[in-house]
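Worksheet: one structure, shown below.
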Amino acid sequence: MKYTKMIAATLAIVFACWACNNSEKADQIANGKKAQQAAFNTWKEGKEAGMVPIPAGDSIKYISKQVTVTGEVEFPLTLTVDSLKKMNVATIENFQVVCQSGANMKNDKTCKGVLLKEILEKAKIKQDNHKDRNFYIVARATDNYKATFSWAEIFNNPTGQNVYVLFEENGIPIQLQGAMILISRNDIKTGPRHVIWLKSIEVNKVI
């Protein structure tokens, strides 16, 4: 009888721990979704964040599930979250979206993504020789919002180690702002080159 009681007590403890862990995980997911929703609502209200606010009822039509890499590249790409996860995924901590006025529009405790530089290396820009560097890169959203980078920024400047295509924020997949977002982490004001609903990365040559 004593042995049976000991087993029952042990099972009760194991079950309690299991229930606690699952509860904590559910809370983490719920809190992450709330954070994304709050960030999205804040962004919509901020006219100075570098983007045109979109009515909540219309936002769903801008959600993108893939990003194409086109233009002056040898290997055009179509990226999904799954394909990004197969690349060199980085974890970025404490990223803030700061609009032109200096207002803080969003805080990410953690986010995950892939360097734009590595994506472009995979696509391989068409360069005639090592001196052929007159290119610019356009990150375009489904609402036609755009952010631009020069070849030198990405490949010959610290900016290149700070521009990411994200697919996860605060532990959960990006949803309301499309499947992927582009950020430029070391800009003084990060809002203007924070591209949600990212749909394409276009490589163009300066002629």
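Each reported figure results from applying straightforward, stated rules to the coordinates on display, with no laboratory input. Because the structure is a prediction, the values reported are computed rather than measured. Backbone-built Cβ (ideal geometry, glycine too); neighbour counts: all protein chains shown.
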Self-check item: Whole-angstrom gap from the stretch 83-104 to the stretch 151-204, using each part's C-alpha centre
Solution: 7
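What is the magnitude of the charge dipole of the stretch 59-157 about its Cα centre, with +1 placed on the Cβ of each Lys and Arg, -1 on the Cβ of each Asp and Glu, and no other charges, expressed in debye to the nearest 20? Kindly include the intermediate steps, with their values, before the conclusion.
Details: 15 positive and 11 negative charges, 51 e Å.
Here the size comes out at about 240 debye.
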Exercise. Can you work out the PRE-style zone for residue 132? Point 7 Å along Cα to Cβ, and I want the residues of the stretch 156-198 with backbone N under 11 Å.
Key: none
Quiz item: Between residue 204 and residue 144, how many nm apart are label points set 7 Å from Cα along the C-beta direction?
Solution: 1.4
Exercise. Measure up 61/109; 61/126; 86/189; 61/117; 124/146; 65/131 against 32 Å on the Cα-Cα distance and list the ones that go over.
Key: 61/126; 65/131
